[in-house]
Protein chains: 2
Amino acid sequence: MTAQTSQTNRRPVILTGDRPTGPLHLGHFVGSLKSRVALQDSHEQYLLLADTQAMTDNAHDPDKVRRNVLEVALDYLAVGIDPAKTTITVQSHLPALAELTLMYLNFVTVARLERNPTIKEEIQARGFGRDIPAGFLCYPASQAADITGFKAEVVPVGEDQAPLIEQTNEIVRRINHQVGRDVLPECKAMIPQFGRLPGVDGKAKMSKSMGNAIALGAAPEQIKAAVHSMYTDPNHLRVSDPGQVEGNVVFTYLDAFDPNTEEVQALKEHYQRGGLGDMVLKRRIEGVLQDMLAPIRERREALAKDPDYVFDILRQGTAKARELTQQTLEEVRDALGMFSFESRR
Amino acid sequence: MTAQTSQTNRRPVILTGDRPTGPLHLGHFVGSLKSRVALQDSHEQYLLLADTQAMTDNAHDPDKVRRNVLEVALDYLAVGIDPAKTTITVQSHLPALAELTLMYLNFVTVARLERNPTIKEEIQARGFGRDIPAGFLCYPASQAADITGFKAEVVPVGEDQAPLIEQTNEIVRRINHQVGRDVLPECKAMIPQFGRLPGVDGKAKMSKSMGNAIALGAAPEQIKAAVHSMYTDPNHLRVSDPGQVEGNVVFTYLDAFDPNTEEVQALKEHYQRGGLGDMVLKRRIEGVLQDMLAPIRERREALAKDPDYVFDILRQGTAKARELTQQTLEEVRDALGMFSFESRR
């Protein structure tokens, strides 16, 4: 908390969000949703349904993006995001963000965008090669517009996304330097405490497209099947064999979700000694996940029956965000000395 | 004119405009302003004060762009652009164009933008090297947004800008193909009949920054001085010498502006035979230019005393354009199937 915020008792502004390209899953829950539910009490929190950004690599399938705006909003509300405390907003309906993006593109060079390690890696991971959509190369400027448009001071990001924060602050510093005052605040990255949740198959990242995810709205039998397929210790062939805990997805999940850490510790020791079968552990984690996901699924299903209610929340959040981001746009334009019908300097 | 336009008696939509980076000059008058005054009777004409685009290479000096929005508007009105026939509008106050630009950036690759010969040449001419602002690389997408945002069917461009029209139509075809119908019209380039007016120094292009221009609002003594410095035939040393007409700026200007083509033809022959001094010719072209520019200057000065009137014209034109471009944005989004609060498919 900066000196200013403690003086005025203003809560720091935090911006986060998701590309609506699929329903959220346990990986999102561990990596961000849980902490967002906590942060909405201590921060002025904005959640951005980043459908404009999702278009940078889904322009061929806008329908997928559109459908998932509602799906992700349902996930937010189901896990306990409270629209009275958190503003949920739809990026494509905030024109000031598009205008700020275009402006910021003039304050960053192509060479700088290409050097961004996140962009470099994602270009490789997505196999774009040289035929990368221009919008994809430009999306750090779009993120800078998001962050500064809301005047966010804190931005929760994965460790691999820290360069995007640095890119944003470079643009902020360049504009502040040019206008001779701090029209935009710099922001800080907030790196999550619990890292990435592996997929049920043991791969480093849980991802819907890789088929190793458990969706937040998963049905009981889907949870059961996913747990059944969980990666354990491939060398633990007989119950009596000693088993390995590290890299064993069941234990990673028990660490992440089982509230009884002492029993989990005892189970780990038993497994390492030998004499504890995988099925016992899988039944335990399945019970934990079923208990945790049942109320989320129920809330999600109830909300899904009342889309008008959810759309109203998005509409209200977007109206509030529209005003805020428009205000920022006007401040930046005014500071830069751009054309305005109102002030005819 | 397409079959459709002749059937409905609708006037074809034409979009043109200028980057407001300096007052307009005789080069603009010959190359575009004169034909715009004629076209406003046969076309539904929109003039875009492209201040957003001007920022792509003037981000360090937004004040220059801002000041020149009014200057260029004064030039338009002074030469006879009639706000009752032509809609004059300010690009930075049309958020739908920014939103369309960001969308189109997803339908064009970086490699394609880099291959654009206009961009290639301008990068070289402006000395950007590898440190080109990202906004500058992206400006063909911004032009595509302008053209399609107004659903322009005809776009007057210099011969060197024809590739930008092709780039726009590529984006249009890609989107129309994806949505399975013609949501956006393709556009046609209109190449001006009279080519480029050379600078008074004989260089191919008249340009304020090169100091070889005569501004439309130039004072009589500025016109006199510019004509005095005009490039003629450097080998025409004595009045009795035969002189060369080709490349002789005075004759180029007489061809462009002197209403009496027969007398100009006689002067050319006399000059080629020998016995006609440069000063006689310069006095003639000075008289022609003074006569032509005096009423333009007077209208310009009168309008400059009433900026409220000019701002009202821009405000009204921009309000009309805002509605039109917003409508296009919504049609494109709807066709692509993007998120909307209104239609919840």
Quiz item: On the given criteria, is residue A:63 open to solvent by 20 Å² or more (accessible area, probe 1.4 Å), within 13 Å of another protein chain (Cβ to nearest Cβ), over 23 Å from residue A:219 (Cβ atoms) and not β-branched (Val, Ile, Thr)?
Solution: yes
Quiz item: Does residue A:272 satisfy the condition of being over 22 Å from residue A:81 (Cβ atoms) and assigned by TED's automatic domain parsing to the domain that holds residue A:98?
Solution: no
Practice problem: Kindly indicate whether any position in segment B:207-222 is charged (D, E, K, R), surrounded by 14 or more Cβ atoms within 10 Å (Cβ to Cβ) and not assigned by TED's automatic domain parsing to the domain that holds residue B:256. | Solution: yes
Exercise. Filter segment B:163-180 down to residues that are open to solvent by less than 40 Å² (accessible area, probe 1.4 Å) and without any contact (Cβ under 8 Å) to a residue 40 or more places away in the chain, then give me how many there are.
Key: 5
Exercise. Assess whether residue A:75 counts as being in the same structural domain as residue A:16 (by TED's automatic domain parsing) and without any contact (Cβ under 8 Å) to a residue 12 or more places away in the chain.
Key: no
Quiz item: Does at least one position in segment B:181-189 carry a residue that is closer than 18 Å to residue B:165 by Cβ and touching a residue at least 40 places away in the same chain (Cβ under 8 Å)?
Solution: yes
Exercise. With the condition kept exactly as written, say whether any residue in segment B:106-115 is of a type in the set (S, T, N, Q), in contact with a Ser or Thr (Cβ under 6 Å, 6 or more places away or on another chain) and touching a residue at least 12 places away in the same chain (Cβ under 8 Å).
Key: no
Practice problem: Specify the residue that is nearest to the other protein chains (Cβ to nearest Cβ); the eligible residues are those in segment A:36-60 that are under 21 Å from residue A:151 (Cβ atoms) and part of a helix (DSSP H, G or I). | Solution: A:52
Exercise. Return yes or no: is residue B:149 open to solvent by 50 Å² or more (accessible area, probe 1.4 Å), modelled with pLDDT of 95 or more and not hydrophobic (A, V, I, L, M, F, W, C)?
Key: no
Exercise. Test residue B:89 against the criterion of being at pLDDT 95 or above, open to solvent by less than 20 Å² (accessible area, probe 1.4 Å) and in contact with a helix residue (DSSP H, G or I) (Cβ under 6 Å, 6 or more places away or on another chain), and give yes or no.
Key: yes
Quiz item: Which residues, taken from segment B:274-293, are within 19 Å of residue B:261 (Cβ to Cβ) and loosely packed, with under 15 Cβ neighbours inside 10 Å?
Solution: B:280, B:283, B:287, B:291
Quiz prompt | Selection from segment A:66-83 of residues that are open to solvent by 10 Å² or more (accessible area, probe 1.4 Å), assigned to a helix (DSSP H, G or I) and acidic (Asp, Glu) | solution = A:71
Quiz prompt | Every residue from segment B:286-342 that is among the polar types (S, T, N, Q) and more than 10 Å from every other protein chain (Cβ to nearest Cβ) | solution = B:290, B:316, B:325, B:327, B:328
Quiz prompt | Failed item, numbered, when residue A:140 is tested on (1) open to solvent by 70 Å² or more (accessible area, probe 1.4 Å); (2) free of Cβ contacts under 8 Å to residues at least 60 places away in the same chain | solution = (1)
Quiz item: Before we move on, is residue B:247 open to solvent by less than 50 Å² (accessible area, probe 1.4 Å), at positive phi and at pLDDT below 95?
Solution: no
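The values are calculated or read from the model by the stated rules, or taken from the named source; none is laboratory data. These figures come from a predicted structure and were not determined experimentally. So basically every Cβ, Gly included, is an ideal-geometry build from the backbone, and we count neighbours across all protein chains shown. Remember, those area values only see protein heavy atoms, side chains included, never the ligands or the DNA or RNA. Shrake-Rupley method; radii C 1.70, N 1.55, O 1.52, S 1.80 Å.
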